[in-house]
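Below you'll find the structure, written out as structure tokens, and then a few comments.
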Amino acid sequence: MTSAPIAEVIIGSMDCAETSSFLQLFGFAQISEVSFTKSQSKVLFGVADVSQPARRLAAPLSPRSATLCVVPIIGNSLAQSREFSQQGWAHGPRALDIYTTDLDSAVAEVAAAGFAVSSEGVLAAGPMRMRQVLIQGPSQLPVVLVETTHRRSSVCDLVEAPRFSEPHSVVWVVPEHHEELQRWVGLGWTAGNTIGFTDASIAEELSLPEVPTPITMTMLSDPLVAPIRLELMTFDNHSDLGEPGAVVKGSAAPLTGHLSTGIDSLVLEVDSLPSAVAQWAESCHIGTVVHGLDGLGWVRIETPGGVRVLLRGPVSAVGASTT
């Protein structure tokens, strides 16, 4: 099969206005609101209170790029904090990566706005030199800004280039790198080179408890290598210590969604939801199909490696029941 592109990133927030304002620091603008019914929200996110609409944001100069959908978490007792969350070796989403053409000025502005900024991580290989920092946004939303001498195409290539790109990638920590990688390749995704590194500055940037930490990463994309991409990350010496967030490997099973603060899931556009569900069900946990949202069907999926996906597409007469 040909892989479906990542159309959107779902972000769980305890204060949608604050999270949207944070994302606007990187050039994103709100383009619409998204309303979920009580039943849709309960099935997709495990959230029954839908008194507030979600907010959809986009990079204005890249109208075809993936959007960011900030979904409210109502009644959550988790205290807001601008300090770095201590994720340790936890499996799950680790960062939303964005390119910048001027890291130093971006860091100064983000710090002035009151958000915690990590030490600088540096990777160098031949003529390539990459500088990056991790920023702790509201509701535990981590953003990594990347300035590099060599990068994939983005809105930063325009003649009148902005300082920030469209969403470049989502980094997801998985326990079994090869198995998760092969699962996505089998579903039609294109894998870049798998790289390993032990740079101390990267471990310090990520606030890992061990410096240096051996890390393996692979970037996955649709066949056109369009933004946004999925970067699989594994902490090589700690793949079995990733709780909370690890998913027990096994066959597909019913799944109840629970919206997470920060990066929650990736939305993939598909041509036929029943066909896509049948393909993903061979190796993933499958939820209940929700009908009628934006005139399409949605279903929540989780891979054995813990990557959370929402498939979105047309629903034919064959397949799932109406919610």
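Tallying residues that are surrounded by fewer than 22 Cβ atoms within 10 Å (Cβ to Cβ) and out of contact with any Gly (no Cβ under 9 Å at 6 or more places or on another chain) within the range 255-274 yields 1. For the range 102-132, the set of residues classified as aliphatic (A, V, I, L, M), farther than 21 Å from I228 by Cβ and in contact (Cβ under 8 Å) with a residue 60 or more places away in the chain consists of A113, V122, listed by residue number.
Every condition in (1) buried (at least 20 other Cβ atoms within 10 Å of the Cβ); (2) at pLDDT 90 or above; (3) outside any helix (DSSP H, G or I) holds for S165 except the one numbered (2). Filter the range 276-291 down to the residues that are farther than 21 Å from R229 by Cβ and in contact with a strand residue (DSSP E or B) (Cβ under 9 Å, 6 or more places away or on another chain) and list them by number. Those that are farther than 21 Å from R229 by Cβ and in contact with a strand residue (DSSP E or B) (Cβ under 9 Å, 6 or more places away or on another chain): V277, A281, H285, I286, G287, T288, V289, V290, H291.
Yes/no matrix, rows are residues, columns are (1) part of a helix (DSSP H, G or I); (2) not small (G, A, S):
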| site | (1), (2) |
| --- | --- |
| V185 | yes, yes |
| G196 | no, no |
| S201 | yes, no |
| E210 | no, yes |
| T213 | no, yes |
| M219 | no, yes |
| L224 | no, yes |
| L230 | no, yes |
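Against the list (1) in contact (Cβ under 8 Å) with a residue 40 or more places away in the chain; (2) touching a strand residue (DSSP E or B) at 6+ places or on another chain (Cβ under 6 Å), the condition I135 fails is (1). The single residue among F22, F26 that is part of a loop (DSSP other than H, G, I, E, B), within 30 Å of E204 (Cα to Cα), at pLDDT 90 or above and not basic (K, R) turns out to be F26. Of the residues E160, E205, E120, E179, the single one that is modelled with pLDDT of 90 or more, more than 19 Å from the chain's Cα centre (by Cα) and either crowded, with 20+ Cβ neighbours inside 10 Å or within 27 Å of A59 (Cβ to Cβ) (or both) is E120.
Of all residues in the range 6-18, those that are among the hydroxyl-bearing types (S, T, Y) have Cβ atoms under 6 Å from Cβ atoms of residues that are part of a strand (DSSP E or B), 6 or more apart or on another chain, in S13/V70. Residues in the range 116-139 that are within 19 Å of V170 (Cβ to Cβ), in contact with a helix residue (DSSP H, G or I) (Cβ under 9 Å, 6 or more places away or on another chain) and hydrophobic (A, V, I, L, M, F, W, C): L123, V133, L134, I135.
The values are calculated or read from the model by the stated rules, or taken from the named source; none is laboratory data. Values in this document were obtained by computation on a predicted structure and should not be read as measured data. Counting neighbours? That spans all protein chains shown, and the Cβs are built from the backbone with ideal geometry, glycine included.
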